[in-house]
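Participant: The following block contains the structure, expressed as structure tokens.
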Amino acid sequence: DQPTAEAAVEAIAHAVHAAMHGLHSKHGQVHPDTGKRVSIGLVRMANINPLVAVANELLATQSHSNHRIHYCVYHSQYPLAVRSAIEHRLDGALIRHDSQVIWQQPSIQQALAENPEDNHLFVVLATSVAEVGRDHDYDWAVAEPSSMRSLIQLAGRIQRHRNQVPQTPNFLILSHNYRALIAKPIAFEKPGFESGQFPLNSHD
């Protein structure tokens, strides 16, 4: 049977949901007063429509016990005023030369004050706009596979300012991208360099 778009979205969302919780537990930052654990992570996908579909699936998925996930969907097709507002808030939270500055961010202070959970994940679901020209420092990332150039760009957004060497991996890459999961014969294009003339032997 031909895999459906819905099944592909569900598979990606399921994998991302499990990965986010695992990465948060190992790479979060603990509040010195409350003991609450916070992490800011990036989930990067190649194209906007699958990104939005996965975001909707994640929003409908319950977090693990004692965890709350705060999502931000970030891509290039927002009106400029909306995109500017998102980027202003991200700049405030992700300029992290001082590792303690996170606790001074109003949105993070509000989230911790208003919600009783001990674990708070702030997750940016984004396309490549998160990589290009953004001086941001994330705790961890999950990526849909894309070009090596794109993955290197994304890796440069993890621990960018603090340079804390992780004890376990803080960057996970899915085994297949969305186009491969719906059995497209050419999976790595728009973006990517695969073509009918130059197909890859495997999309794994």
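The values are calculated or read from the model by the stated rules, or taken from the named source; none is laboratory data. Every value quoted in this text rests on a predicted model; they were computed, and no experiment measured them. Cβ: placed from backbone, ideal geometry, glycine included. Neighbour counts: every protein chain shown. To get the accessible areas, we keep the full protein, side chains included, count just its heavy atoms, and leave off ligands, DNA and RNA. Shrake-Rupley method; radii C 1.70, N 1.55, O 1.52, S 1.80 Å.
Participant: With each run of n ≥ 4 DSSP H residues scored as -39500 (n - 2.57), what mean residue ellipticity at 222 nm is computed for the chain after dividing by its residue count and rounding to the nearest 500 deg cm²/dmol?
Facilitator: Computed ellipticity for the chain at 222 nm equals -11000 deg cm²/dmol.
Participant: Give the accessible area for residue 203 in Å² (nearest 10); use a 1.4 Å probe, count only protein heavy atoms, and leave out ligands, DNA and RNA.
Facilitator: Result for residue 203: roughly 40 Å² accessible.
Participant: So, taking all protein chains as they sit and a 1.4 Å probe, how much accessible area belongs to residue 37, in Å² rounded to tens?
Facilitator: Solvent-accessible area, nearest 10 Å²: 60 Å².
Participant: Then there is this: How do 184, 36 stack up against each other in accessible area, from largest to smallest, with a 1.4 angstrom probe?
Facilitator: Largest to smallest exposure gives the sequence 184, 36.
Participant: So, R0 is 35 Å and r is the distance between the beta-carbons of residue 204 and residue 164; what FRET efficiency does that work out to, to 0.05?
Facilitator: After rounding to 0.05, the efficiency reads 0.65.
Participant: Continuing with this model, one more query. Could you state the number of Å between the C-alpha centres of the stretch 143-204 and the stretch 1-52?
Facilitator: If you average the Cα positions of each part, the centres end up 15 Å apart.
Participant: Under a cut-off of 19 Å between alpha-carbon atoms, report the aspartates and glutamates in cross-link reach of residue 26, not counting same-chain residues fewer than 8 places apart.
Facilitator: Once the sequence-local aspartates and glutamates are set aside, what remains near residue 26 is 117, 118, 137, 139.
Participant: Running Debye on the chain with equal point scatterers at the Cα sites and no solvent, what base-10 log of I(q)/I(0) appears at q = 0.09, 0.14 Å⁻¹?
Facilitator: So the normalised log intensities are -0.35, -0.83.
Participant: Shifting gears a bit: Which value, in Å² and to the nearest 10, is the accessible area of residue 9 when all protein chains are kept and the probe is 1.4 Å?
Facilitator: My reading of the accessible area for residue 9 is about 20 Å².
Participant: Here's another thing I want to ask about it. Of the heavy-atom accessible surface of the chain (probe 1.4 angstrom), what whole percent is carbon and sulfur?
Facilitator: Ligands and nucleic acids excluded, carbon and sulfur reach 52 percent.
Participant: While we're on this one: Compute the FRET efficiency between residue 99 and residue 65 as 1/(1 + (r/R0)^6), taking r as their Cβ-Cβ distance and R0 = 41 Å, and round to the nearest 0.05.
Facilitator: The computed FRET efficiency comes out at 0.90.
Participant: Also, quick follow-up: Classify the stretch 18-130: rounded, prolate or oblate, from the alpha-carbon gyration tensor (a ≥ b ≥ c, eigenvalue square roots; a/c under 1.5 rounded; otherwise prolate if a/b is larger than b/c)?
Facilitator: oblate
Participant: Per residue, how much accessible surface does the chain expose to a 1.4 Å probe? Answer in Å², no decimals.
Facilitator: 52
Participant: Return the distance in nm (one decimal) between the two label points of a simple spin-label model at residue 83 and residue 115, each offset 7 Å from Cα along Cα→Cβ.
Facilitator: 2.7
Participant: Among the aspartates and glutamates, which have Cα under 18 Å from the Cα of residue 190 when same-chain residues fewer than 8 positions away are ignored?
Facilitator: Of all the aspartates and glutamates, those that pass the test against residue 190 - Cα under 18 Å, at least 8 places apart if same chain - are 131, 144, 204.
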